[in-house]
Amino acid sequence: MKTFAQLKRTYDAFHAEAVRLAGTTRQLSQRAATYHHVYEDSGRNHIFPLIAAHGALWARGYFAFGMNLGKLLSCQYCLASAQRRQKLDALEAFAEAFREVNRRVCVQIYTTYHFTKLYGDHPDTEKLVDPHLLAALKCVHTANRNGEQLTDQAKRDIFETHFLNEQETVVGPRIETAVDQFDWPLMKSLALMPAVRFAYFPIGYWLQFWKFDRKEERIHHGLKAFDIAAQMGWKHTEATLDRYAILPEEFFADSIGHFSHLKNEILAAA
């Protein structure tokens, strides 16, 4: 049996690999392919990375809209160029903080998934992976090894466990810091009220946030995003990744081959 030191080295190796695969904050296609890889590798039982891929791809349009709106609203400072530049720089830093959250979520998803796939039963694994998250991932791995599809309720339970863990360890603290540091009250209030419409949502439906920095609201809408995906069907939810027009045609022709090539290329360069 591996010692804890050996276990930790393996975890760190997966983490280093995940950092490279998640890419920079702007490499959305690469990150979405990495998210999808985890979903596909799990026998399509691990839903969190699939919906996270939608979130990453949807956000590109939202951030572009926000930056254009910021430029328009900054015209009120047109006679004070330094102040206008400061406001726009603050807006860009705010958007970048949110992109960084998504990148870090991808790193954690990939790391914990692959590490627990190998060492989920090791008695020291819970020293590296939260015990609740570990139990949820072990359910995914057991089903996948047995060639089983989990029920939608089981998938939802695993999704909720993973979602709550991400909110506590990655998302919440960084969003709170970004909001505290964003010194432009008007744009801050607007930025925290996104109307989220993922590509798999039914026509005319969206999730309206009023205070995105409230953890309770993020959790409520996150679980709603799962419920809509289950209602629309997993094949539909996966297929509609093409509607963002970001992922390449090769991904949709052969997602496994696309990720394998991408991974080899990225790790070889590293």
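The values are calculated or read from the model by the stated rules, or taken from the named source; none is laboratory data. Computed from a predicted structure; not experimentally measured. Positions of Cβ are backbone-derived with ideal geometry, glycine not excepted, and every protein chain shown enters the neighbour counts. All accessible areas refer to the heavy atoms of the entire protein, side chains included, with ligands and DNA or RNA removed. Shrake-Rupley method; radii C 1.70, N 1.55, O 1.52, S 1.80 Å.
Just to check your reading of the model, which residue among L247, L223 is under 17 Å from H54 (Cβ atoms), open to solvent by less than 20 Å² (accessible area, probe 1.4 Å) and within 19 Å of the chain's Cα centre (by Cα)?
Answer to the check: L247.
Within the stretch 50-68, the set of residues being touching a Ser or Thr at 6+ places or on another chain (Cβ under 8 Å) and either of a type in the set (A, V, I, L, M, F, W, C) or surrounded by fewer than 24 Cβ atoms within 10 Å (Cβ to Cβ) (or both) comprises L50, I51. Among helices (runs of 4 or more DSSP H) entirely within the stretch 174-270, having at least 2 residues that are under 27 Å from D157 (Cα atoms) singles out 215-232, 234-239, 255-269.
Does L88 satisfy the criteria of being touching a residue at least 60 places away in the same chain (Cβ under 8 Å) and open to solvent by less than 60 Å² (accessible area, probe 1.4 Å)?
Answer is no for this residue.
For a quick check of your reading of the model, give me the residue pairs whose first member lies in the stretch 3-19 and is among the hydroxyl-bearing types (S, T, Y) and assigned to a helix (DSSP H, G or I), whose second is at pLDDT 95 or above and open to solvent by less than 70 Å² (accessible area, probe 1.4 Å), with beta-carbon atoms closer than 8 Å and at least 6 apart or on different chains. So the pair list comes out as T10/F115; T10/Y119; Y11/T111; Y11/F115; Y11/L128. Only one entry of T177, T142 meets the criterion of being more than 20 Å from H54 (Cβ to Cβ) and out of contact with any helix residue (DSSP H, G or I) (no Cβ under 9 Å at 6 or more places or on another chain), and that entry is T142.
Here V19 fits the description: open to solvent by 10 Å² or more (accessible area, probe 1.4 Å), out of contact with any Asp or Glu (no Cβ under 6 Å at 6 or more places or on another chain) and not basic (K, R).
Residue-wise test of (1) within 20 Å of the chain's Cα centre (by Cα); (2) open to solvent by less than 40 Å² (accessible area, probe 1.4 Å); (3) free of Cβ contacts under 8 Å to residues at least 60 places away in the same chain.
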position: K188; (1), (2), (3): no, no, no
position: G204; (1), (2), (3): no, no, yes
position: R214; (1), (2), (3): yes, no, yes
position: D254; (1), (2), (3): no, no, yes
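Would you be able to tell me the number of residues in the stretch 108-127 that are open to solvent by 10 Å² or more (accessible area, probe 1.4 Å) and in a helix (DSSP H, G or I)?
Total meeting the criteria: 7.
Please work out which one of (1) in contact (Cβ under 8 Å) with a residue 60 or more places away in the chain; (2) within 30 Å of K87 (Cβ to Cβ); (3) assigned to a helix (DSSP H, G or I) is the condition Q167 fails and give its number. Of the numbered conditions (1) in contact (Cβ under 8 Å) with a residue 60 or more places away in the chain; (2) within 30 Å of K87 (Cβ to Cβ); (3) assigned to a helix (DSSP H, G or I), the odd one out for Q167 is (1). Based on what the data block shows, is A95 in a helix (DSSP H, G or I), open to solvent by less than 40 Å² (accessible area, probe 1.4 Å), small (G, A, S) and closer than 25 Å to Y39 by Cα? Criteria not met by A95. Checked against (1) open to solvent by 40 Å² or more (accessible area, probe 1.4 Å); (2) within 15 Å of the chain's Cα centre (by Cα), Q83 meets all criteria but (2).
Take the residues in the stretch 158-186 that are aromatic (F, W, Y) and within 19 Å of the chain's Cα centre (by Cα), then tell me which one is least open to solvent (accessible area, probe 1.4 Å). Outline the logic, then answer.
Step one: list which residues in the stretch 158-186 are aromatic (F, W, Y), which gives 159, 163, 182, 184.
Retained after the next criterion (residues that are within 19 Å of the chain's Cα centre (by Cα)): 159, 163.
Numbers: F159: 5, F163: 27 Å².
Top of the filtered list is F159.
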